[in-house]
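A short worksheet on the structure shown next.
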Amino acid sequence: MDEKLRILLCEDDENLGMLLREYLQAKGYAAELYPDGEAGYKAFLKNKYDLCVFDVMMPKKDGFTLAQEVRAANAEIPVIFLTAKTLKEDILEGFKIGADDYITKPFSMEELTFRIEAILRRVRGKKNKESSIYKIGKFTFDTQKQILSTPEKQTKLTTKESELLGLLCAHANEILQRDFALKTIWIDDNYFNARSMDVYITKLRKHLKEDESIEIINIHGKGYKLITPEAES
């Protein structure tokens, strides 16, 4: 990579943290390690990062809280959670916050690198696309700026919300196949990613509820359909 991409790494296990930092640096990333969420947040405010990797269980400020604060400042920055927990509730909590990925310990360094590269490819691909504007009912959706607007207000969408709404608009009044959406946005169509997509569908429904002519419906066993009287790009 021409210019080193900066990764904010927060991990309270000193040995694991150092291994991760050294491995990522060897792969060409500029990885900075912090031992707790509080130190990580201070670093985030001072510097510009391309991606965050947060352990969930950390002293002073846990990974979920840290991610919420980071996303409040920058809704677009990708976040990967690391955790020893395998409970579905914990993983879904991470996705509700807006996690781009979730890796349970123990994991291989190669797996982490693969996940990071997949997310960064997706982010770069989105940034390289020409601006696309969709008109859906009373809303205007700018996929490049990730802004959903009406004459009265503007809503800044997260990266996942924007990517999913973009796919729905591209297939407006048609079935958006569930597997296609998962593999396009989440790379993998596993159970946890499928539940994550359900969470984002719920969020999009809330964003669009002001226009009663617009509806995102479930097509059992197939996927979703954006019902709108007008969907033009």
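The table below lists the values:
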{"read-out": "Search result, residues across the range 79-134 that are among the small types (Gly, Ala, Ser) and either at pLDDT 75 or above or under 18 Å from the mean Cα position of the chain (by Cα) (or both)", "value": "84, 94, 98, 99, 108, 118, 125, 132"}
{"read-out": "Hits in the range 46-101 - residues which are more than 18 Å from residue 185 (Cα to Cα), small (Gly, Ala, Ser) and in contact with a strand residue (DSSP E or B) (Cβ under 9 Å, 6 or more places away or on another chain)", "value": "63, 67, 84"}
{"read-out": "Test result for residue 23, in contact (Cβ under 8 Å) with a residue 40 or more places away in the chain, over 20 Å from the mean Cα position of the chain (by Cα), more than 23 Å from residue 186 (Cα to Cα) and assigned by TED's automatic domain parsing to the domain that holds residue 106", "value": "yes"}
{"read-out": "Among the residues listed as 94, 37, 63, the single one being closer than 25 Å to residue 147 by Cα and crowded, with 17+ Cβ neighbours inside 10 Å", "value": "94"}
{"read-out": "Boolean, residue 55 is in contact with a Cys (Cβ under 7 Å, 6 or more places away or on another chain), over 17 Å from residue 120 (Cβ atoms) and not β-branched (Val, Ile, Thr)", "value": "yes"}
{"read-out": "Residue within the range 98-117 that is under 23 Å from residue 209 (Cβ atoms), aliphatic (A, V, I, L, M) and in the same structural domain as residue 67 (by TED's automatic domain parsing) present", "value": "no"}
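The values are calculated or read from the model by the stated rules, or taken from the named source; none is laboratory data. It should be emphasised that the depicted structure is a prediction, and the values quoted were computed from it without experimental measurement. Every residue, glycine as well, gets a Cβ built from its backbone with ideal geometry; the counts of neighbours run over all protein chains shown.
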